[in-house]
Amino acid sequence: MKTVLLAPLDPVHDNAIKLLKRKLTDAGYRAVALPPGSTEEEVVAQALEEHPIAILVSRTLGYKVAETLGHLVDLAEAAGLRPQTRLGVGGMAITRELGAELGFDGCFVGSLDMAELLGFLEGHAIAGPAEMAQTAPRSRPDVTAGFTYAWRDATIAGMLDQITDQILAWTAGKTSPAIARAELRAEMLTDPDPDLRERYIALCDAEIQAFYRQGTLPLGVRRLEESELAALPGATAGTRPPFESLRHGRQKPLFFVQYGTGCPIMDITHIRLAEDWGVDGVLHFDPSWGAQREGLLEGLLTHEHDGTIVTLDNLRLIRQYMNPATLWNVRGHRGLNTPETQVLAQAAGADLLKINIPYGSTGGGTDPARLTVDGVHSLRLAARYGLPFDIPGNDELSGVPPQKTFAGLLIMVMLGLKLGARPIPKPLLCYSPYMTIEGLMDADFVDMNFAKLRVWQEIVDAPVWPGEPVGFMTHSPERVQSAITTAAHAALASSAGVAAVTIASSDEAYSKGPISAPARVDSLRATRELLRFFGPADIQPTPRAEELQAQLHAGITATLNAIARRGDFVAAIYEGLLGSQEDGLYPGRTGRGSVMTAAN
Amino acid sequence: MTKALAHVVDALDIETFLYCKDEDEAKILAEALAAELGLPHGDVVFVEHRGAGARVRIRSYIHHPGDHYRWLGMEDGK
Amino acid sequence: MHTIGFAGTAKNTGKTTAALQVLDRAAEAGLCLAVTSIGYDGEQRDHVTGLPKPRYALPAGTLLATAEQTLPVCGRLEILETSPIRTILGQVVIARMTEPGPAALAGPNTRADIETILARLQALGAELCLLDGALNRMAPMMAADGLVLSTGAAFDEDIAVLAAHVGALAELFALPRQSPPAGALVTQSLLTPGSVETALNGLLSGVSGWVLRGAVSPRLVAAVLEKAAPALQDRELLFEDPVKLAVSGDPRAWARLLQQAHAMAIRPGLLATLPLRLVTVNPFYPRYWQRDYRYEAAYVDAGRLLISVQAAITSAPVADLIASPPPDLLKIVLGEYNCSD
């Protein structure tokens, strides 16, 4: 059996040595640990007796400590121990450069990597988990994998069936300028025919037409310069750290963050930061003004306002600098360009789309009739592309009760399934106005959120992805509180077994500027820490959660019943069945009167 | 010293993310940042470098225990 | 090829400054130069104190042996060969500077590996190799032909203590070279009570001398002599080399032991010597400010430091290379003078 000598060289502390001794013994070595306060002479004298294959030293760096370690190395050489006995060092503030300066053969920085240590002891490199994670290509997981979409509530399924049949019948034969532009754009991707372009421009608003004809950019928007683009490869060169998932011992959920600073270059920086700090995927947020104009711009465009402009060039640039294993969702769930956004997203390499007719046509501001037509077309595109689409339940933020929001999500789930797409509902874990007014979260944030997640399992076997982001309206501008509430909601979602979670930055409640880099890191670190705290242990709700769940289920059923009996989905939105003015929700106006009959 | 800085009870922290190649560069930049901002003796409390940059917290003590505290109306901070 | 080692009694005693001055003088003299290190020299700031450190700047044509992970921070160079020697910072490569520029050095850390590299540097045409030390490490320096030793207030701010220490250290390098007598007892490392007992038994059985190789504790040698001095009267007490003595024990303890040995008519000596060509002194030390939890540069009286150390050392010249660099520095380190000159 090979002997390893462990030397703390610290007058008091030897916890690292004790840990090493246990791990080395488990790995089949004879680990001899010297007591704290051992002198360099005692270490070398013991080594002359034991003939170890290595001496491992642990010590926190401080003034004159380096000289002590250097003396040990010298004494080991003078005593003739090298090269039969390798010398390794580790400890707080010990760097590889210092290890080299001290003359050690191996230096162990950061937390203990047993594979690295064993490789050192055996004189060859053994790939540790971190190295294997880096060299083995990570695959992009499918958020919908393993879900059957089987309906568990036949009553709800029946009503959804009826509602969605009516939607499909109503949209048949209808089109919009957005659908026409989407079809043209799809052709323009491969066909440079200038006529296609002219026809596209003709379907745009005046402001967008001015861009294509005169090169006029909207206020505050500029093109990215060649020098900026040329600097990107150099700025993003260099070794990335090995991917370290936020999960601690679990396979789920996947973690997403949203981005959309307005500038693709800043976005790339933020995305890479998020990847380096452990996220599995990112969501592209576009500016609201872009959704309110007929037609999308082209080129590499930047501006300083919220949301990054959707152009094929912007999207492709962002994807180019993303880790290939990072999942990418492009938002196109409201506004006048929903179908074309799906076309561009797919062309740029998106993995997920975002389509939500009820929310997009109320809180999202788009005319319900218009978005229903565009939304159905978008779902057909999602099906054709084979891309899952998520359905954000952000209407709750206006004051809509969750039962109505969820009714809307379920309609989208059934609609998507009927058209061959793969839906991912996104119940929002939030301290919404409804929750506040009704006092449903006065006692805690646990029971109601569990109820909201578990009710889905009762209704349909579908992936559930709370966002964007979780903990909405629980954040304050104070950094620590903000990071903690994000982490707590993420831990709750993890306990509930969701497929994915979107988490905020600690700037979530700050509205006077874009999300900052340090704020992203804060929340990611907090989330990692809390998931590490819980490990395999779960947060559990109180029995009250079951009551809330039952009430929610009943409320969903009642809402869908009302919509089914109304027999007109678009009218149901206008009439507030999916969220009324009293709930704080108003039908959108953008695009009103723009639904057209499809030409024969 | 400006009047507002005199109201800092003890420490002023800078929380930021620095574009840099490694932890060593992060520490150098962090201390330089405190100096550029005219803050006394910036100390790097926390640094974590991953990929293109580092999350740092830089601390500068404006008043130490034992000083004559300007926020207590005392004339001299030392 | 001459190889000059640069060692320090502690970090921040000025050994890199000494090496840089010798480098400049050698470059002026047109020598084909090579540099390497027994550790790592390339940090911009001290890891503990945060204070700035001098950096190597090499003339064009200089050969350097350094680990591959230091190459990105070196100036323009041409890699000539890759050695099989591995360090924490990667494999050691031999390169030539194609333009004047900075260099970080991380060389082999054992004597055997250094000798391998020195042989390659000589084969590539180097006439003078500077072997930069690291911290207070010295063990691999026996690969050099001569040593420049740097000390200063960073070792100890008390000038009397610092002078006594370096004086005792210089005495070790001044011990005479002797061949081992036939019939001498040979002890390989004396660090344990067991080895003391073995040595005692050997000496008391009658020997012509005692040869101590490897790491040797002065305290344990003294313990042996206390019981076996008569067995070594008028005999040789030989140690392997001055570096082994320096790393095995405090030089002041060795100085006391050597005095006792002389008093007992025992003749101490070395199997191999390493000429101490120059001792440099540096008044700098990092002073810790509790209030601000940081270090600041501070200095002892430079004049008093130089005089004290010169008084403590008679076997080698002593200089303050910042205050008064000797004009014939290169000749001094190449051993072209006797100390009495």
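Could you state the angle between the C-alpha long axis of helix C:111-123 and the longest principal axis of the C-alpha atoms of chain C, as a value from 0 to 90 degrees rounded to the nearest 10?
Tilt relative to chain C: about 50 degrees.
Kindly identify the range A:423-463 as rounded, prolate or oblate by the Cα gyration tensor criterion: order the square roots of the eigenvalues as a ≥ b ≥ c, call it rounded if a/c is under 1.5, otherwise compare a/b with b/c, prolate if a/b is larger, else oblate. Show your work: numbers first, answer last.
On the way: a/c = 3.00, a/b = 2.09, b/c = 1.43.
Prolate is the answer for the range A:423-463, as a/c is 1.5 or above and a/b outweighs b/c.
Rounded, prolate or oblate: which one fits the range A:319-387, using the alpha carbon gyration tensor with axes a ≥ b ≥ c (rounded when a/c is under 1.5, else prolate when a/b beats b/c, else oblate)?
Details: a/c = 2.69, a/b = 1.94, b/c = 1.39.
Note, shape of the range A:319-387 comes out prolate.
Please report how far the C-alpha centroid of the range A:324-379 lies from that of the range C:56-85, rounded to the nearest whole angstrom.
Here the answer is 56 Å between Cα centres.
If I fit a long axis through the Cα atoms of helix A:368-385 and take the longest principal axis of the Cα atoms of chain A, what angle between them do I get, 0 to 90°, rounded to 10?
Value to nearest ten degrees: 50.
I'd like the residues of the range C:139-159 whose 1.4 Å-probe accessible area shrinks by no less than 20 Å² going from the isolated chain to the full set of protein chains.
C:ALA139, C:ALA154
Students often forget the sequence filter, so: which lysines lie under 25 Å Cα-Cα from C:LYS227 once same-chain residues fewer than 8 apart are removed?
Answer for C:LYS227, where 25 Å is the Cα cut-off: C:LYS244, listed by chain and number.
List the lysines whose alpha-carbon lies under 19 Å from that of A:LYS2, not counting same-chain residues fewer than 8 positions away?
Filter leaves A:LYS18, A:LYS21, A:LYS23.
When the Cα atoms of the range C:185-270 are enclosed in a convex hull and the volume is divided per residue, what value in Å³ results? Don't skip to the answer; put the middle values down first.
Working: hull volume 6.1 nm³, N = 86.
Convex hull volume per residue, Cα atoms: 71 Å³.
Check A:ALA499: other-chain or 5+ apart residues with amide H under 5 Å from its amide H, H built from backbone geometry?
When sequence neighbours closer than 5 places are left aside, the close amide H contacts are A:VAL464.
Among the lysines, which have Cα under 17 Å from the Cα of A:LYS426 when same-chain residues fewer than 8 positions away are ignored?
A:LYS252, A:LYS354, A:LYS404, A:LYS452
At a 1.4 Å probe, what is the % contribution of carbon and sulfur to the accessible area of the protein assembly as shown? Walk me through the numbers on the way to the answer.
Working: 21320 of 40790 Å².
With neighbouring chains kept in place, the figure for the protein assembly as shown is 52 percent.
Would you mind giving the total buried accessible surface between chains C and A, with a 1.4 Å probe and ligands, DNA and RNA left out, rounded to the nearest 100 Å²? List each step's numbers first, then the result.
Numbers: alone 14950 and 24980 Å², together 37170 Å².
It comes to approximately 2800 Å² buried between C and A.
Given a 1.4 Å probe, show me the residues in the range C:79-116 buried by at least 30 Å² of accessible surface when comparing the whole protein assembly to the chain alone.
The answer is C:ILE88, C:LEU89, C:ASN109, C:THR110.
Using protein chains only (no ligands, no nucleic acids) and a 1.4 Å probe, work out which residues of the range A:45-74 have their accessible area cut by at least 10 Å² relative to the chain alone.
A:ALA45, A:LEU48, A:GLU49, A:LEU61, A:GLY62, A:TYR63, A:LYS64, A:ALA66, A:GLU67, A:GLY70, A:HIS71, A:ASP74
Would you kindly state the longest site-free stretch of chain A, with sites defined as trypsin sites (Lys or Arg not before Pro) in a DSSP loop (not H, G, I, E, B) surrounded by at most 16 other Cβ atoms within 10 Å?
A:251-511
Where does helix C:193-204 land angle-wise versus the long Cα axis of chain C, in degrees 0 to 90, nearest 10?
On a 0 to 90 degree scale, this one is about 50.
How much accessible area per residue does the range A:143-253 have, counting only protein heavy atoms and a probe of 1.4 Å, in square angstrom? Write out the running numbers ahead of the final one.
Numbers: 5970 Å² over 111 residues.
Heavy-atom SASA per residue in the range A:143-253 reads 54 Å².
If each Cα of chain B is one equal point scatterer, what is log10 of I(q)/I(0) from the Debye formula at q = 0.27 Å⁻¹?
Debye curve over Cα of chain B, log10 I(q)/I(0) at q = 0.27 Å⁻¹: -1.16.
Taking only DSSP H segments of four or more residues, each worth -39500 (n - 2.57), what value at 222 nm results for chain B once the sum is divided by all its residues, to the nearest 500 deg cm²/dmol? Can you show the working numbers first?
On the way: 1 runs with 14 residues, N = 78.
Taken over chain B, the calculation gives -6000 deg cm²/dmol.
Mind grabbing the interface size between B and A? I mean buried accessible area, both sides, 1.4 Å probe, in Å² to the nearest hundred. Show your work: numbers first, answer last.
Values: alone 5420 and 24980 Å², together 29280 Å².
In total, chains B and A hide about 1100 Å² from solvent.
For chain A, what does the helix formula give at 222 nm: sum of -39500 (n - 2.57) over DSSP H segments with n ≥ 4, over the residue count, nearest 500 deg cm²/dmol? Could the numbers behind the result be given before it?
Values: 24 runs with 278 residues, N = 600.
Mean residue ellipticity, 222 nm, calculated: -14000 deg cm²/dmol.
Under the rule that an exposed site lies in a DSSP loop and has at most 16 other Cβ atoms within 10 Å, name the longest stretch of chain C with no GluC sites (Glu not before Pro) of that kind, not counting the sites themselves. Before the final figure, lay out each step's value.
Details: sites that count: C:GLU43, C:GLU127, C:GLU157, C:GLU336.
In chain C, the maximal stretch lacking such sites is C:158-335.
Does the range A:154-272 classify as rounded, prolate or oblate by the C-alpha gyration tensor (a ≥ b ≥ c root eigenvalues; a/c under 1.5 gives rounded; else a/b over b/c gives prolate, otherwise oblate)? All intermediate terms of the calculation are to be shown ahead of the outcome.
Numbers: a/c = 2.71, a/b = 1.08, b/c = 2.51.
Oblate.
Per residue, how much accessible surface does the range C:185-270 expose to a 1.4 Å probe? Answer in Å², no decimals. Walk me through the intermediate numbers first.
Values: 3390 Å² over 86 residues.
Accessible surface, normalised per residue, equals 39 Å².
Would you mind telling me the antiparallel percentage of the DSSP bridges in the protein assembly as shown, rounded to 5? If you can, show how the numbers build up before the last one.
Working: 47 of 125 bridges.
Close to 40 percent.
Can you give me the accessible area per residue for the range A:331-406, using a 1.4 Å probe, in Å²? List each step's numbers first, then the result.
Working: 1180 Å² over 76 residues.
That works out to 15 Å² per residue.
Compute log10 of I(q)/I(0) for chain C with the Debye formula, placing one identical point scatterer on every Cα and leaving out solvent, at q = 0.11 Å⁻¹, to two decimals.
-0.76
Looking at the calculated P(r) for the protein assembly as shown, what percent of the C-alpha pair distances fall above 54 Å? Let's see the in-between values first.
On the way: 186357 of 518671 pairs.
Every Cα pair in the protein assembly as shown considered, those over 54 Å come to 36 percent.
The values are calculated or read from the model by the stated rules, or taken from the named source; none is laboratory data. Source: prediction; values computed, not measured. Please note: Cβ atoms are built from the backbone with ideal geometry, for glycine as well, and neighbour counts cover all protein chains shown. Calculation scope for accessible area: heavy atoms of the full protein, side chains included, ligands and nucleic acids excluded. Shrake-Rupley method; radii C 1.70, N 1.55, O 1.52, S 1.80 Å.
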